[in-house]
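Notes to accompany the following structure.
Derivation of every value follows stated rules applied to the coordinates shown; laboratory data play no part. Given the structure is predicted, the values throughout are model-derived calculations rather than measurements. When we count neighbours, we look across all protein chains shown, and the Cβ atoms used for this are built from the backbone with ideal geometry, even at glycine.
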Amino acid sequence: MAAVPSYRELASRTLGQAAQHLNAMPSGNVATAEIKARAAHGQAVATVAIAQALLEIGDVLREALRRGDA
């Protein structure tokens with residue numbers, strides 16, 4: 001069984017997916033609605049990455065408090 005990835009790893013992967021979505025933006029004569037939809041999709045994926053990163057930060061801080069490091 002594979003190890004469960006950390007929120008940090010998930011955030012990194014998800015941010016990569018967001019970059020792929022935004023880099024795949026078509027150029028040239030493209031309908032405005034398509035550009036808006038693609039941009040919104042990339043932004044939504046990036047927002048998920050931010051949430052995953054915040055969860056990782058929370059886990060690290062919680063563990064530091066438990067150990068008395070903070």
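I'd like the residue in the range 17-69 that is more than 16 Å from the chain's Cα centre (by Cα) and among the polar types (S, T, N, Q) and, out of all such residues, is farthest from V4 (Cα to Cα).
If we take residues in the range 17-69 being more than 16 Å from the chain's Cα centre (by Cα) and among the polar types (S, T, N, Q), then N29 is farthest from V4 (Cα to Cα).
State the number of residues belonging to the range 1-16 that are closer than 16 Å to V60 by Cβ and either under 9 Å from the mean Cα position of the chain (by Cα) or surrounded by 14 or more Cβ atoms within 10 Å (Cβ to Cβ) (or both).
So the count comes out to 6.
Yes or no, residue by residue, for (1) in contact (Cβ under 8 Å) with a residue 12 or more places away in the chain; (2) under 17 Å from T14 (Cβ atoms); (3) not in a helix (DSSP H, G or I):
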{"residue": "N29", "(1), (2), (3)": "no, no, yes"}
{"residue": "A33", "(1), (2), (3)": "no, no, no"}
{"residue": "A37", "(1), (2), (3)": "no, no, no"}
{"residue": "A46", "(1), (2), (3)": "yes, yes, no"}
{"residue": "I50", "(1), (2), (3)": "yes, yes, no"}
{"residue": "A53", "(1), (2), (3)": "yes, yes, no"}
{"residue": "E56", "(1), (2), (3)": "yes, yes, no"}
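Could you list all residues from the range 17-33 that are within 13 Å of A46 (Cβ to Cβ) and surrounded by 12 or more Cβ atoms within 10 Å (Cβ to Cβ)?
Across the range 17-33, the qualifying residues are Q17, A18, A19, H21, L22.
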